[in-house]
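Handing you a structure now.
The values are calculated or read from the model by the stated rules, or taken from the named source; none is laboratory data. All values reported here derive from a predicted model rather than from experimental measurement. Here the Cβ positions follow ideal geometry from the backbone for every residue, glycine too, while neighbour counts run over all protein chains shown. Side chains are part of the model used for accessible areas, which takes the heavy atoms of the whole protein and leaves out ligands, DNA and RNA. Shrake-Rupley method; radii C 1.70, N 1.55, O 1.52, S 1.80 Å.
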Amino acid sequence: MASQSTLLGAAGEYHVMSELLRRGFIAALAPVGVPNADIVVTDIDSSRLCSIQVKTRRAIGSDGGWHMKAKHEGISSDRLFYCFVDFGRDLQSSPVVHVLPSLVVAKVLAEAHRKWLSIPGKRGQPHKDSVMRRLIPDYSGVFGADDSRYSKGWLDPYLNAWHFLGLAPAAVEQPAEVL
């Protein structure tokens with residue numbers, strides 16, 4: 001039986017695929033096991049190609065973020081993007097998608113992790129390094145309130161930012177309204 005996280009991940013991938021196809025892009029799931037890509041996308045002329053890795057969450061947990069790993073600090077390409085999907089609290093919630101270049105994700109994860117390691121824990125102890133990382137919508141708890149680099153709202157420019165893919169969408173014919 002599939003786990004809840006496996007089903008949630010698949011739902012995120014299919015949601016992103018649906019959004020890409022609705023926008024007139026040609027998109028397909030990458031074969032299972034392909035490193036760094038869940039979806040392969042091209043424009044209608046097949047003149048530009050990019051890969052997407054999808055990270056999916058529900059609105060549980062306190063930081064509103066997505067699980068990542070240390071390896072994501074080193075994965076960057078001008079044609080690789082991440083789609084961070086948040087399905088919200090329940091089935092009535094509308095999904096939210098942030099589209100980020102992998103170069104941005106790698107930079108944010110590396111900077112935030114270095115900063116986190118440099119500050120003491122709640123009881124003054126040093127933080128222990130691990131492979132786990134979090135991409136979160138507000139890093140002010142890590143960088144401090146005076147540092148606005150990745151404070152609340154830093155993800156806003158990436159909300160539904162499909163244009164970052166650099167693909168020319170096809171004209172998608174809309175059905176006539178039914179009376």
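Hey, can you tell me all the residues within region 20-34 that are in contact with a strand residue (DSSP E or B) (Cβ under 7 Å, 6 or more places away or on another chain) and not in a loop (DSSP other than H, G, I, E, B)?
Passing the criteria: LEU20, LEU21, ILE26, ALA27, ALA28, LEU29.
So in region 51-61, with the set limited to residues that are surrounded by 14 or more Cβ atoms within 10 Å (Cβ to Cβ) and at pLDDT below 95, which one is farthest from the chain's Cα centre (by Cα)?
ARG58
Quick check on SER148: is it hydroxyl-bearing (Ser, Thr, Tyr), farther than 17 Å from GLU73 by Cα and open to solvent by 80 Å² or more (accessible area, probe 1.4 Å)?
yes
If you don't mind, there's one more thing I want to ask. Return the residues of region 78-107 that are hydroxyl-bearing (Ser, Thr, Tyr) and open to solvent by less than 50 Å² (accessible area, probe 1.4 Å); say none if nothing qualifies.
Here is the first cut: in region 78-107, the ones hydroxyl-bearing (Ser, Thr, Tyr) are 82, 93-94, 102.
Within region 78-107, TYR82, SER93, SER102 qualify.
Hey, does region 76-96 have a residue that's on the phi > 0 side of the Ramachandran plot and under 13 Å from the mean Cα position of the chain (by Cα)?
No, region 76-96 contains no residue that is on the phi > 0 side of the Ramachandran plot and under 13 Å from the mean Cα position of the chain (by Cα).
Identify the single condition in (1) closer than 30 Å to ARG114 by Cβ; (2) assigned to a loop (DSSP other than H, G, I, E, B) that THR56 does not satisfy, given that it satisfies every other one.
Going through the list (1) closer than 30 Å to ARG114 by Cβ; (2) assigned to a loop (DSSP other than H, G, I, E, B), THR56 breaks only (2).
Test of understanding: among GLY12, GLY64, which residue is within 30 Å of SER140 (Cα to Cα), outside any loop (DSSP other than H, G, I, E, B), touching a residue at least 24 places away in the same chain (Cβ under 8 Å) and open to solvent by less than 90 Å² (accessible area, probe 1.4 Å)?
Among GLY12, GLY64, only GLY12 is within 30 Å of SER140 (Cα to Cα), outside any loop (DSSP other than H, G, I, E, B), touching a residue at least 24 places away in the same chain (Cβ under 8 Å) and open to solvent by less than 90 Å² (accessible area, probe 1.4 Å).
Also, quick follow-up: On the basis of being assigned to a loop (DSSP other than H, G, I, E, B) and under 17 Å from TYR158 (Cβ atoms), does ASP78 make the cut?
On the way: assigned to a loop (DSSP other than H, G, I, E, B): yes; under 17 Å from TYR158 (Cβ atoms): yes.
Criteria met by ASP78.
Only one residue in HIS113, HIS72 is within 28 Å of LEU49 (Cα to Cα) and touching a residue at least 40 places away in the same chain (Cβ under 8 Å). Which one?
Step by step, each of HIS113, HIS72 is checked, and only HIS72 is within 28 Å of LEU49 (Cα to Cα) and touching a residue at least 40 places away in the same chain (Cβ under 8 Å).
Kindly provide the set of residues from region 126-137 that are out of contact with any Gly (no Cβ under 6 Å at 6 or more places or on another chain) and either part of a strand (DSSP E or B) or open to solvent by 70 Å² or more (accessible area, probe 1.4 Å) (or both), ordered by number.
PRO126, LYS128, ASP129, VAL131, MET132, ARG133
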